Amino acid sequence: MGPYSGDLWIGGGPFYYPPFQKDVSTIFASTPLVGNNKSGEYLIDVKSIQISGKTVPILNGATKICTLTPYTVLHTSIYKALVTAFVGTTKMAKAPAVKPFGACFLSNGGRAVPVIDLVLGGGAKWRIHGSNSLVKVNKNVVCLGFVDGGVKTKNPILLGGFQLEDNLVEFDLKASKFSFSSSLLLHNTSCTRDRLFGM
């Protein structure tokens with residue numbers, strides 16, 4: 001077994017990623033896909049964002065999942081609320097911003113990273129691991145990996161590739177359902193480990 005860049009699976013599980021001993025699909029949470037699947041866009045309903053349990057107000061509107069976008073793009077109002085809540089919760093010292101990010105921190109002062117949860121339609125929660133919320137931009141600085149998309153965004157939230165890393169996700173178009181593991185790093189494994197077909 002060795003590391004590689006990830007997986008694309010067609011036809012379902014089981015999904016084994018050592019050393020986690022269970023089929024990863026057994027820890028899936030699910031939420032309905034919304035909108036017209038024929039458009040080729042994958043949309044989900046994010047009801048709210050929580051930072052260490054505190055709710056961040058967001059605009060109504062479908063969230064688009066897009067691996068072609070490197071970092072999650074937020075409507076300005078959501079972005080400002082997220083940054084304010086994150087800065088108010090973290091104990092990391094602030095650092096000068098590094099484009100395209102607006103909130104950066106010194107990484108040598110500890111990594112007490114606030115927990116970010118997306119609360120989805122149907123009551124599911126998608127937990128964003130610290131490695132999916134902070135981008136290391138140089139040896140001493142990390143930045144909150146979300147981008148201000150302005151006030152004229154098509155979708156209030158465009159969920160990008162960085163936040164999807166090491167999340168096993170499943171699109172069931174027949175059932176119009178989106179399932180996800182949250183970060184596999186929480187289970188001491190990742191999508192860059194070889195998948196086993198039986199254990």
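Some observations on this one:
- Output for the range 75-107, where each listed residue is hydroxyl-bearing (Ser, Thr, Tyr) and touching a Pro at 6+ places or on another chain (Cβ under 9 Å): Ser77, Thr89, Thr90
- When the test is whether a residue is part of a helix (DSSP H, G or I) and either open to solvent by 70 Å² or more (accessible area, probe 1.4 Å) or modelled with pLDDT of 90 or more (or both), Ala85 passes it.
- Unmet criterion (only one of (1) in contact with a helix residue (DSSP H, G or I) (Cβ under 9 Å, 6 or more places away or on another chain); (2) without any contact (Cβ under 8 Å) to a residue 12 or more places away in the chain) for Ile58: (2)
- Selection within the range 9-31: residues that are outside any loop (DSSP other than H, G, I, E, B) and of a type outside the set (S, T, N, Q). The member of this set that is modelled with the highest pLDDT is Ala29.
- Just one residue in the set Phe105, Phe101, Phe171 is surrounded by fewer than 19 Cβ atoms within 10 Å (Cβ to Cβ) and aromatic (Phe, Trp, Tyr); that residue is Phe171.
- Scanning the range 52-64 for residues that are part of a strand (DSSP E or B), of a type outside the set (Lys, Arg) and more than 20 Å from Val34 (Cα to Cα) yields Thr55, Val56.
For every residue, the table says whether it meets (1) open to solvent by less than 70 Å² (accessible area, probe 1.4 Å); (2) under 17 Å from Phe162 (Cα atoms); (3) at pLDDT 95 or above; (4) not hydrophobic (A, V, I, L, M, F, W, C).
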| site | (1), (2), (3), (4) |
| --- | --- |
| Leu33 | yes, no, no, no |
| Gly61 | yes, no, no, yes |
| Met92 | yes, no, no, no |
| Gly109 | yes, no, no, yes |
| His129 | yes, yes, no, yes |
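- The residues listed here are Gly123, Gly160; of these, the one that is within 27 Å of Phe178 (Cα to Cα) and surrounded by fewer than 14 Cβ atoms within 10 Å (Cβ to Cβ) is Gly123.
- Taking the range 132-143 as the range and being within 28 Å of Phe20 (Cβ to Cβ) and either open to solvent by 10 Å² or more (accessible area, probe 1.4 Å) or among the aliphatic types (A, V, I, L, M) (or both) as the test, the residues that pass are Leu134, Val135, Lys136, Val142.
- Among the residues of the range 65-82, those identified as open to solvent by less than 50 Å² (accessible area, probe 1.4 Å) and either under 13 Å from Pro156 (Cβ atoms) or in a strand (DSSP E or B) (or both) are Ile65, Thr72, Val73, Leu74, His75, Thr76, Ile78, Tyr79, Ala81, Leu82.
- Extreme residue, most open to solvent (accessible area, probe 1.4 Å), among residues of the range 40-59 that are hydrophobic (A, V, I, L, M, F, W, C) and out of contact with any Phe, Trp or Tyr (no Cβ under 8 Å at 6 or more places or on another chain): Leu59
The values are calculated or read from the model by the stated rules, or taken from the named source; none is laboratory data. Computed from a predicted model, the values in this text were never measured in an experiment. Note: ideal-geometry Cβ built from the backbone for every residue, glycine included; neighbour counts use all protein chains shown. Surface accessibility is based on the protein's heavy atoms, side chains included, excluding ligands, DNA and RNA. Shrake-Rupley method; radii C 1.70, N 1.55, O 1.52, S 1.80 Å.
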